[in-house]
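Here's the structure we're looking at; comments come further down.
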Amino acid sequence: MLKKAVLLFLIAFTLNACVSKKVYQELETKFNNLRSSNSALIKEKDDLLVVKKALEDDLLKLNKEFNDLTAQKAVLENDLEVLQNKYNNLDESYNALSAQSSKKLAEQAQKNQELLNKLEEKERVLAAESLRLGNLQKELNKRSAQILELQNLINAKEAQMQQLKDAISKALLNFEGKGLTVEQRNGKIYVSMENKLLFNSGSWAVGTEGKKAVEQLASVLSQNKDINVLIEGHTDNVPYTGTTILDNWDLSVKRATAIVRILEEKGVSQTQITAAGRSEYMPVGTNETTEGKAKNRRIEIILAPNLDEISKLLNKENLMKYLTIISFLFFTLLFRIGYSQEASDTLNLQKIVDTKALFSQGDTLLYKKLDSIKLVIHSQASLLDSLWINELAASSLNDTVRYTLEDDEVYVSELNELPTALLKQRLAEIDNISPFNVEYNPQLEQIIKSYLQKRKPVFSVMMERARFYFPMFEEHLAKYNIPLELKYLAVIESALKPTAQSRVGAAGLWQFMYQTGKIYNLNVSSYVDERYDPIRSTEAACKYLSRLYGIYNDWDMALAAYNSGPGNVNKAIRRAGGSTNYWKIRPYLPRETASYVPIFYATMYIFKYSNEHNIKARESAVSRFETDTVHLKRQITFKQVNEILSVDNEVVKFLNPQYKLEIIPHIKDKNYVLTLPVKDIGNFVSNENLIYAYIDAEEAKREKELPKYVEVNDRITYRVKSGDYLGRIASKYGVSITSLKKWNNLKNTKLKIGQRLIVYPRKA
């Protein structure tokens, strides 16, 4: 470096001394360039030294890795040699085994292929099922939306009725304490006005004060066009003594009509209003006291919402089917009695007062002439029948077999709530008087309270039917020494509906399956299903229950076996460690059976304490002692019974539910019977040969020519009377209900008194 500096100095000195300025500048420029290049070279050298150092480090690492890999290679080569030897040994072994078991391997391969094929088929089925379930889920979602819409409509109707009740209560506030009450129950509003507010005794002219009350009510109703208004006139049991009208029936109708006129004048639409007379037959108090008679003399105005929107929704895309499924799933757990009842399902027979009126008092020609065949009634025999039935009707036994409150009985106030302590006390009382282990438990309490809240109308219907069936049930139960309380078993099985049929095929009052029915001689044919025969099925049920009790020696266990079968009960016994106590095996029984016995106890409770809960039987149930039977000597149809004896077709069907086609066959070695009211059985027996001759003549005539079409000029106009319904009118004229609805453009079976119907009677 020192040499370079001296050289530079000399050059500079020389240049300064002997060169021109231009040359000096060029040299200076070159010098600066050289100095810059020198600096760059020095920097590059330093960088290269750094790179060299890094490469040397990498080389050391690579050498180390090389040595390691070389060592690993040696190990792997050794392992490879070992594995190669093993492979060679295994290959030799495999070849030996393959040579020995090729057949077995081929068979196994075939089995594997078969399993694979089955798996593929299962996958295809699963895919199809998944697709189906997906579609069902979509449909279910759609139905759920429709059900929600329905619920919203129902809630809206309930809110509307509550608002209407509030408006009516406000409008009629000035009439409180003057014989006027306003109540809301069962989705309807009941406005009751005693006659002291409306009418003078024996009159149907509305007084000044009463007219004000009705006008106030009309002012509210005129603002609610979608409310249906039923006006019912009621009287006490004191016979009407005037001359202008016939009796209390006429009086009740005229009073109801008088209220209708006022409502019409004040703007209530005629299409909203229906008038009805109830006479003395729906009392709310006893007719034995002045106070009770005053309560019975009343006008009841029943306000119900218009359900057309709900009906339309129910008809959309079979929504009712899904509602039925949902309802079934819900009530199966609690109770299997959710049967509805229409007018045609109810016997409209009057309560017995004096049965002499049911019978003719003279030897006269019967009311029908059938192709010159004249039937007669024997007065003496009819009188004897009437005297015996009167004796039965007047006896204390009749009171004991009705099981429900009489219409004129004073009802206690209904409990708003059923205290648990009171329920326990009542259940203990039932336990003391029955052979069953009736103990309180929360589930039983829940079922009882649910029935009292939601199903009181259903129990009213079943109590009506109980008046007819319970005496016969008890007769057979006593015959087999079975507790009489088991009559309630038919209530939870069929709701006492003789034609009831379950989704799985059980039929009749006691819900016999086909095979079980055959065991107990309940035969089924094209014409007859004896599971529907009340007497024969009750006899079979008693035999079955008696056998079950003989097996288990416990009535709770027998009930469980009746519901689910002895097989399921025996499995539950095993799972409960061999216990034969119902309450210990209950957790192991099917869900429905686990609820079955509590439901039985709940039903027993409600029937026993119906009075305390203000539940009464619907009116007009026929009593069994009013009926009799006759063995038939030839085939006969319900239609022919109606034609010949003028027996209401609904009565014939109710009393003879076992005949599926409404035909009573005559088969050798079979004793098929016809059940009818006593007076009609008497008429049949008196004219039996003539009746058979008429049937033979009719059958012969039918073979020769077909029935003629009804011509337009045969049309008549029928005016609806009190107590009429479509089934009765159809039966009277020998036509179908469907035809009546079609001729009169009726969308439902509702009729109004005074309504005119077009009828094309069947030709004789």
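Work out how much length Val630 to Asn112 would gain on full extension: take 0.36 nm times their residue separation and subtract the Cα-Cα distance, in nm to one decimal. Mind showing how you got there, number by number?
On the way: separation 518, 0.36 × 518 = 186.48 nm, distance 7.22 nm.
Value of the extension gain: 179.3 nm.
If one computes the Cα centroid of the range 559-574 and of the range 577-619, what distance in Å separates the two points?
Cα centroid to Cα centroid, the span is 16 Å.
Between the DSSP loop rule and a limit of at most 15 other Cβ atoms within 10 Å, which trypsin sites (Lys or Arg not before Pro) in the range 582-612 are left? It would help to have the intermediate numbers written out before the result.
Numbers: sites: Lys584, Arg591, Lys608; in loops: none.
Nothing satisfies the criteria.
Distances longer than 20 Å among the Cα atoms of the range 225-306: what percent of all pairs is that? List each step's numbers first, then the result.
On the way: 1243 of 3321 pairs.
Looking at the range 225-306, the distances longer than 20 Å represent 37 percent of pairs.
Counting Lys +1, Arg +1, Asp -1, Glu -1, what net charge surrounds Ile667 among other residues with beta carbon under 14 Å of its beta carbon?
On the way: positive: Lys633, Arg634, Lys668, Lys670; negative: Glu530, Asp669.
Result for the neighbourhood of Ile667: +2.
Ranking Leu751, Leu522, Leu246 by Cβ neighbours within 10 Å, fewest first, what do you get? Show your work: numbers first, answer last.
On the way: Leu751 20, Leu522 25, Leu246 10.
Neighbour counts put them in this order, fewest first: Leu246, Leu751, Leu522.
If we count every other residue with Cβ under 14 angstrom of Tyr87's Cβ, Lys/Arg +1 and Asp/Glu -1, where does the sum land?
Details: positive: Lys86; negative: Asp79, Glu81, Asp91, Glu92.
Summing Lys and Arg as +1 and Asp and Glu as -1 gives -3.
Work out, step by step, the length gained on full extension between Asn88 and Asp696: first 0.36 nm times the residue separation, then minus their alpha carbon distance; give nm to one decimal.
On the way: separation 608, 0.36 × 608 = 218.88 nm, distance 10.28 nm.
Here the segment from Asn88 to Asp696 would lengthen by 208.6 nm.
Kindly state, to the nearest 0.05, the FRET efficiency for Glu265 paired with Glu662, given R0 = 45 Å and r defined as their beta-carbon distance.
Details: r = 49 Å, r/R0 = 1.09.
With R0 = 45 Å, the Cβ-Cβ based efficiency is 0.40.
Here is the link list: Lys293/Lys497; Lys449/Lys747; Lys188/Lys660; Lys211/Lys742; Lys165/Lys456. Which ones come out longer than 32 Å on Cα distance? All intermediate terms of the calculation are to be shown ahead of the outcome.
On the way: Lys293/Lys497 35 Å; Lys449/Lys747 37 Å; Lys188/Lys660 38 Å; Lys211/Lys742 41 Å; Lys165/Lys456 22 Å.
The answer is Lys293/Lys497; Lys449/Lys747; Lys188/Lys660; Lys211/Lys742.
Please rank Phe654, Phe600, Phe66, fewest neighbouring Cβ atoms within 10 Å first, as an exposure proxy. If you can, show how the numbers build up before the last one.
Details: Phe654 21, Phe600 25, Phe66 10.
Least crowded to most crowded, the residues run Phe66, Phe654, Phe600.
FRET efficiency for Leu49 and Asn95, Cβ-Cβ distance as r, R0 = 56 Å, nearest 0.05? Before the final figure, lay out the partial values.
Details: r = 66 Å, r/R0 = 1.18.
Using R0 = 56 Å, I get an efficiency of 0.25.
Net charge near Tyr480: determine it from the other residues with C-beta under 12 Å of the C-beta of Tyr480, scoring Lys and Arg +1 and Asp and Glu -1.
Working: positive: Lys479, Lys543, Arg547; negative: Glu474, Glu475, Glu539.
With Lys, Arg at +1 and Asp, Glu at -1, the neighbours total 0.
With a cut-off of at most 14 other beta carbons within 10 Å, and DSSP calling the residue loop, which trypsin sites (Lys or Arg not before Pro) in the range 180-283 qualify? Please list them. Let's see the in-between values first.
Numbers: sites: Arg185, Lys188, Lys196, Lys211, Lys212, Lys225, Lys254, Arg255, Arg261, Lys266, Arg278; in loops: Lys225, Lys266.
In loop regions of the range 180-283 (DSSP not H, G, I, E or B), the sparsely surrounded trypsin sites (Lys or Arg not before Pro) are Lys225.
Please give the length that would be gained between Arg503 and Asn432 if that part of the chain were fully extended, namely 0.36 nm times their separation in residues minus their C-alpha to C-alpha distance (nm, one decimal).
Values: separation 71, 0.36 × 71 = 25.56 nm, distance 3.69 nm.
Fully extending the segment from Arg503 to Asn432 adds 21.9 nm.
For the range 26-94, treating each Cα as an identical point scatterer without solvent, what Debye log10 I(q)/I(0) comes out at q = 0.21, 0.26 1/Å?
Here log10 of I(q) over I(0) equals -0.90, -1.02.
Cut-off is 10 Å between beta-carbons; in what order do Arg426, Arg35 appear when sorted fewest neighbours first?
On the way: Arg426 17, Arg35 11.
Exposure proxy ranking, most exposed first: Arg35, Arg426.
Let me know the number of lysine pairs in the range 26-94 closer than 27 Å at the Cα, not counting same-chain pairs under 8 apart.
Lysine pairs meeting both conditions in the range 26-94 amount to 13.
Ratio of Rg to Rh for the range 412-608, alpha carbon only, Kirkwood?
Values: Rg = 17.0 Å, Rh = 17.6 Å.
Dividing the radius of gyration by the Kirkwood radius yields 0.96.
Where a number appears in this text, it was derived from the coordinates with a stated rule and is not lab data. Just so it is clear, the structure is predicted and the values come from calculations on it, not from any experiment. Glycine gets a Cβ as well: all are built from the backbone with ideal geometry, and neighbour counts include every protein chain shown.
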